[in-house]
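Colleague: What follows is a single structure, and I will ask about it in a moment.
Computed from the coordinates by the stated procedures, all read-outs in this text should not be read as laboratory data. All values reported here derive from a predicted model rather than from experimental measurement. Ideal geometry is used to build each Cβ from the backbone, glycine not excepted, and the neighbour counts take in all protein chains shown.
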Amino acid sequence: MTEEEMERYVKENFLKDAISSIKEHGRYWNSSIPRTLTSALSQQLEHAGFNVTVWEIPPQWEHVFYLQEDTSTKYRDLIMNIAEQRYSLMENGTSESLLPK
């Protein structure tokens with residue numbers, strides 16, 4: 001996939017939800033985005049005015065995109081707690097739309 005194709009795919013499939021989630025929650029969780037597209041989404045978010053950090057976080061190894069201004073240890077601990085909650089709920093069959101953000 002070329003860079004232009006990746007950019008188009010990210011815009012069509014992830015960007016709108018990512019912007020909405022970042023505006024509402026300060027972060028965007030994605031359990032399905034391929035690693036090869038995370039930098040393309042980060043770049044598109046930056047073009048939209050959101051400077052983000054991406055973390056592929058255990059135990060589910062989801063990607064979470066969050067604002068660079070929120071890189072404190074306390075915030076990273078919060079993200080880790082959310083990741084553990086999300087994993088537990090996913091294991092119990094909870095719908096993606098009901099997972100904590």
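Colleague: Mind putting a number on the dipole of the chain about its Cα centre? Charges go on the C-beta only, +1 for Lys and Arg and -1 for Asp and Glu, and I need it in Debye to the nearest 20. Working shown, then result.
Modeller: Details: 10 positive and 16 negative charges, 49 e Å.
Computed charge dipole of the chain: roughly 240 debye.
Colleague: How big is the shadow of the Cα convex hull of the chain, averaged over all directions, in nm²? Each step should come with its number before you reach the end.
Modeller: On the way: hull surface 24.8 nm².
Convex hull of Cα atoms, orientation-averaged projection: 6.2 nm².
Colleague: Compute the Kirkwood hydrodynamic radius of region 43-94, taking the inverse of the mean of 1/r over all pairs of distinct Cα atoms, and give it in Å to one decimal.
Modeller: Numbers: mean 1/r = 0.0838 Å⁻¹.
So the Kirkwood estimate lands at 11.9 Å.
Colleague: When you count, for each residue, the other Cβ atoms within 10 Å and take the mean per peptide, how do 71-78, 37-44 rank with the highest first?
Modeller: On the way: 71-78: 11.1, 37-44: 19.0.
Top to bottom by mean Cβ count within 10 Å: 37-44, 71-78.
Colleague: Now a separate question. On C-alpha positions alone, give me the angle between the axis of helix 16-25 and the longest principal axis of the chain, in degrees, nearest 10.
Modeller: So the inclination is approximately 40 degrees.
Colleague: Could you give the angle, 0 to 90 degrees to the nearest 10, between helix 35-47's Cα long axis and the longest principal axis of the Cα atoms of the chain?
Modeller: With rounding to tens, the tilt is 70 degrees.
Colleague: All other residues with a Cβ under 14 Å from the Cβ of S42 taken together, and with Lys, Arg as +1 and Asp, Glu as -1, what is their net charge? Walk me through the numbers on the way to the answer.
Modeller: Values: positive: K11, R27, R35; negative: E3, E7, E46, E56.
Its environment carries a net charge of -1.
Colleague: A further question on this structure: Please compute the net charge surrounding M1, taking Lys and Arg as +1 and Asp and Glu as -1 over other residues with Cβ under 14 Å from its Cβ.
Modeller: Working: positive: R8, K11, R35; negative: E3, E4, E5, E7, E12.
Once positives and negatives cancel, what remains is -2.
Colleague: How high is the relative contact order of region 3-98, given as a whole-number percent (alpha carbon pairs under 8 Å, six or more residues apart)?
Modeller: On the way: 93 pairs, mean separation 22.7, N = 96.
Once normalised by length, the contact order is 24 percent.
Colleague: Sticking with this one: Count the net charge of all other residues whose Cβ sits under 13 Å from the Cβ of M90, scoring Lys and Arg as +1 and Asp and Glu as -1.
Modeller: Values: positive: R86; negative: E62, E84, E91, E96.
Surrounding charge for M90 is -3.
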